[in-house]
Amino acid sequence: MDDALDHEALRINPDWARLPLFDRNGWERVRFGDVVANVNETERDPGTAGIERFIGLEHLEPGSLHIRHWGNVGDGTTFTRRCRPGQVLFGKRRAYQRKVALAEFDSLVSGDIYVLTPKNDRLLPELLAFLCMAERFFQHACGTSAGSLSPRTNWSSLASFEFDLPPLDQQFRIANILWATDDVQEADETTVAAAIVSERAFCANCFGEFARRNKTVRLGEISEFITSGSRGWAEHYSDKGPLFLRSQNIRDQTLDFTDLQRVQPPKGAEGERTRTKPGDLVITITGNSVGNVAFVPESLEEAYVSQHVGLVRLVQPERHRMLSAFFGKNAPGNEQILRAQYGLKPGLNLTSLRNLVVPYPDLDELQRITESIFAFDKLRRATQQSLSAIATMKRELCDALFNST
């Protein structure tokens, strides 16, 4: 797969609406409640009914139509509402979270979830889930929600939503297209997960071998210095200037600047001490995400670390990718980090970082390991790009089909 995937090539063709498949001449304006029923089937004896699983709002993943998590009825539940395979689940509490799924097994569900099914033969069940994912439907659900801390929409409001309903033959073909995009999305998600598992297995094998051969050192022994940011940088916050690297920006082996802050750094030693360089390791040392580790790539612009981030300047920066993988989620190094935390609140001090035991292969072994990790990175990055593009395509198709006012 080409690493430089063209996202625009996977977007829907703006001329698609002129195709006969999407000819709207025969489409009928209907209310949601005219073609969809809110099912309130109760089951108070799930054991006798053969129901083993229950679904809470927390089990639904935003943006995914598939249910991958659930609870076991045998462990106890107060839920009594029943859903059956083929019915659609819609989270009515905090509808902005966009939780919609297609039930694939019998279960009990939370009272914060609507169980929906076609009311008659005017709407195909295969299309209902995608209707519920359309942007205008979500906006209607959010706009009719009541409550400040935990807003909920109500059925009468949802039932009043109006949309244009295609004839059944068009519904069938449209549903086939949408489910095909969902199949591709599922395949990409499986590939990403497999790449992550394979990389972890490869790294665990390598790191275990180095430990058995005693080819290890302490992190402080191979670092120029290990430091962290200091307090008081809030006064340097700015709309312009270099990046300010905070704990929320450090994910598992990657940097994420969705929540971005910039600064005008102080002059002198304090600014220079906390400035990142390519090949540095950055480690979250306080807060809920303690132990997250990433590396500073060549492409990162000028950046400085906060007091919640440890900065590791390696003597040999080329070791950064291997060490980032070593400290990654579920890897041996991350287990060390978790054991090294102190105090009532999760935290790491700089001495703990210096004492972390890390693999120390010779340069030939290091190159082989790094090349393998970069190959995993390339596969995961390309697949994630494809995943993002196909998710965008599916969303835009849903919106274009059902967002006509």
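The values are calculated or read from the model by the stated rules, or taken from the named source; none is laboratory data. Every value quoted in this text rests on a predicted model; they were computed, and no experiment measured them. Neighbour counts are summed over all protein chains in view; Cβ atoms, including those assigned to glycine, are modelled from backbone coordinates with ideal geometry.
Listing for the model above:
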quantity	calculated
LEU131 vs. criteria surrounded by 21 or more Cβ atoms within 10 Å (Cβ to Cβ) and either in contact with a Cys (Cβ under 9 Å, 6 or more places away or on another chain) or outside any loop (DSSP other than H, G, I, E, B) (or both)	yes
Boolean, ILE226 is among the hydrophobic types (A, V, I, L, M, F, W, C), surrounded by 15 or more Cβ atoms within 10 Å (Cβ to Cβ) and not in a helix (DSSP H, G or I)	yes
Odd one out for ILE283 among (1) among the β-branched types (Val, Ile, Thr); (2) more than 24 Å from the chain's Cα centre (by Cα); (3) part of a strand (DSSP E or B)	(2)
Which listed residue, of THR48, THR77, THR117, is of a type in the set (S, T, N, Q), part of a loop (DSSP other than H, G, I, E, B) and more than 25 Å from the chain's Cα centre (by Cα)	THR77
Count - residues of the stretch 32-51 that are over 21 Å from LEU158 (Cα atoms), in contact (Cβ under 8 Å) with a residue 40 or more places away in the chain and either surrounded by 14 or more Cβ atoms within 10 Å (Cβ to Cβ) or hydroxyl-bearing (Ser, Thr, Tyr) (or both)	4
Where VAL217 falls short, out of the listed (1) farther than 27 Å from ALA391 by Cβ; (2) out of contact with any helix residue (DSSP H, G or I) (no Cβ under 6 Å at 6 or more places or on another chain); (3) modelled with pLDDT under 90	(3)
Residue satisfying condition, being in contact (Cβ under 8 Å) with a residue 12 or more places away in the chain, exposed (fewer than 14 other Cβ atoms within 10 Å of the Cβ), more than 24 Å from ALA204 (Cβ to Cβ) and not small (Gly, Ala, Ser), within set VAL315, VAL309	VAL315
Members of the stretch 359-379 found to be crowded, with 16+ Cβ neighbours inside 10 Å and over 29 Å from the mean Cα position of the chain (by Cα), listed by number	PRO359, TYR360, PRO361, GLU365, LEU366
Condition check for LEU356: closer than 17 Å to GLY310 by Cα and crowded, with 18+ Cβ neighbours inside 10 Å	yes
Residue satisfying all of: in the stretch 255-270; without any contact (Cβ under 8 Å) to a residue 12 or more places away in the chain and within 24 Å of ASN292 (Cα to Cα); surrounded by the fewest Cβ atoms within 10 Å (Cβ to Cβ) among these	THR258
When residues of the stretch 271-306 are limited to those that are in contact with a Lys or Arg (Cβ under 8 Å, 6 or more places away or on another chain) and among the charged types (D, E, K, R), the one surrounded by the most Cβ atoms within 10 Å (Cβ to Cβ)	ASP280
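For (1) surrounded by 15 or more Cβ atoms within 10 Å (Cβ to Cβ); (2) in the same structural domain as SER64 (by the TED database); (3) assigned to a loop (DSSP other than H, G, I, E, B), each residue gets a yes or a no:
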position	(1), (2), (3)
ASP183	no, no, no
ALA187	no, no, no
THR191	yes, no, no
PHE202	yes, no, no
CYS206	yes, no, no
GLU235	no, no, no
LYS240	no, no, no
LEU243	yes, no, no
GLN253	yes, no, yes
